[in-house]
Amino acid sequence: MSVNVIAIDGPAASGKSTAARELAAAIPGAVCINTGSMYRAVAWKAMRDGMDPAHPDRDRLNRLLETIRMRFVSTPEGCELEVDGERPGNALRTPEVSAGASAIATIPEVRRKLVELQRAMAAEQMIVMEGRDIGTVVFPDAKYKFFLTASPEVRARRRLLQDGGNPDPAEVARVAAEIAARDKTDSTRADSPLRRAEDAVLIDNSTFSREETIQRMLERIQRKMTVMPYRVPYADTDQMGVVYYANYLVYFERFRNELLRDAGYTYRRLEEDGIAMPVIEAVCSYKASAKYDDLLEITGRFAEAKGVKVKIECEVRREGKILVEGYTVHACMDLKSGRPTRPPEFIRELLLKP
Ligand code: CDP
């Protein structure tokens, strides 16, 4: 399962980009990736080379696809696409490029190339990826999936306001027709049509504010993250009335058990399979103290694996505020031979950095 991917799909102007940007800002270490801009960039380059995006010369298009290089650069507004060293910015958002993107996105070679690039982007960190086929094709195993939509009229208004246009009824009708044409191309194409993955959470945000949409999405994400609630007993506190510092390492261990359980595994089963994971390093950074009767929330993840080592990160929060954060590094050991061994396959699949 891709535990580090939040997939957001939906039709044009359904609020995906805003949601992706704001979710990435709300989740530590996450970046957002707008796959639509990648299709737009291919259309833009093809059109600049004199090709018709609806019927491009296949050899020329394939040459373009072979050499094209794309990367996302973080900006204060989220992230911006760089194509072959250039930043096309608003040139990707003209009506011609929008229609061109929809047309060129029906071509299987284009999709294959971009899906390959998109999958490679997930190896390094938590990503919020938005598009048309993220939950169905690019990351069908994403842990978090959303399908955003809104009525055509609402979407047309949003697009007009976003582009600085005038939302009078005639303009709204014109843009709604443009969007409807693009939705049709996107949802009827043979290769990776726009559709909701069965396990995606459907959010029709026609009547929601931006904040409400984000709030709903965050709630769904938090529900699915491994979260261990813990009420502090007297037994954990010291003479100062706060949780004794060494106890957090015990909390980390409890949490690791829950993390394994969420992945459909247990530490006991790991041992029965002949593997142990002794701690070889533990790091704890204390920012604020927890007291008797506080309700703590402990979260974390399998963060990294190098050779035989696995790193598990952990945070302890109270009402959203981080009190303690840290990690443990484990060496995987074959119980029979007592020798180091590679982490089991299922852990490698759960990692942020394989
Ligand atoms: O911003 P807007 O919703 O209008 O469109 P976009 O997300 O920038 O995507 C532009 C076009 O790229 C879409 O109309 C789709 O045809 C295509 N696209 C796609 O086929 N698959 C994706 N994952 C993303 C975009």
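Structure notes:
- Taking the range 3-224 as the region of interest, the number of lysine pairs whose Cα atoms are within less than 17 Å, with members eight or more places apart or on different chains, is 4.
- Restricting the range 134-222 to GluC sites (Glu not before Pro) that sit in a DSSP loop and have at most 14 other Cβ atoms within 10 Å of their own Cβ leaves E198.
- With each label modelled as a point 7 angstrom along the Cα→C-beta vector, the A26-D57 pair spans 4.9 nm.
- Restricting attention to the range 3-224, close to 30% of DSSP beta bridges with both partner residues there are antiparallel.
- Euclidean distance of C-alpha centroids, the range 146-212 and the range 82-139, integer Å: 18 Å
- Candidates per GluC sites (Glu not before Pro) in the range 34-109, loop by DSSP, up to 16 other Cβ within 10 Å: E77
- Shape of the range 18-166, Cα gyration tensor, a/c cut at 1.5: oblate
- The range 134-198 pair-distance distribution - Cα-Cα, 10 Å bins, rounded %: 20, 38, 29, 12, 0
- Over the range 181-303, the pair-distance histogram of Cα-Cα distances with 5 Å bins from zero comes to 2, 8, 12, 13, 12, 13, 11, 9, 7, 6, 4, 2, 1, 0 percent, rounded to whole numbers.
- Shape category assigned to the range 251-354 from the gyration tensor of Cα positions, a/c cut at 1.5: prolate
- The chain - charge dipole about Cα centre, Lys and Arg +1 at Cβ, Asp and Glu -1, debye rounded to 20: 320 debye
- Global geometry of the range 1-45, whether rounded, prolate or oblate, following the gyration tensor of its Cα atoms and the 1.5 cut on a/c: prolate
- With each label modelled as a point 7 angstrom along the Cα→C-beta vector, the E319-K287 pair spans 1.6 nm.
- Of all DSSP-defined beta bridges confined to the range 212-354, some 95% are antiparallel rather than parallel.
- Set of lysines near K291 by C-alpha distance (under 22 Å), chain-local residues within fewer than 8 positions excluded: K321
- All C-alpha to C-alpha distances of the chain, sorted into 20 Å bins beginning at zero, yield P(r) values of 26, 48, 23, 3 percent in whole numbers.
- Only lysines eight or more places from K336 in sequence, or on another chain, were considered; those with a Cα closer than 30 Å are K306, K309, K311, K353.
- Trypsin sites (Lys or Arg not before Pro) within the range 1-103, DSSP loop, no more than 13 other Cβ atoms inside 10 Å: R69
Since every read-out is calculated from the coordinates, none of them should be taken as a lab result. The structure presented is a predicted model; accordingly, all values stated were derived computationally and were not measured. Glycine gets a Cβ as well: all are built from the backbone with ideal geometry, and neighbour counts include every protein chain shown.
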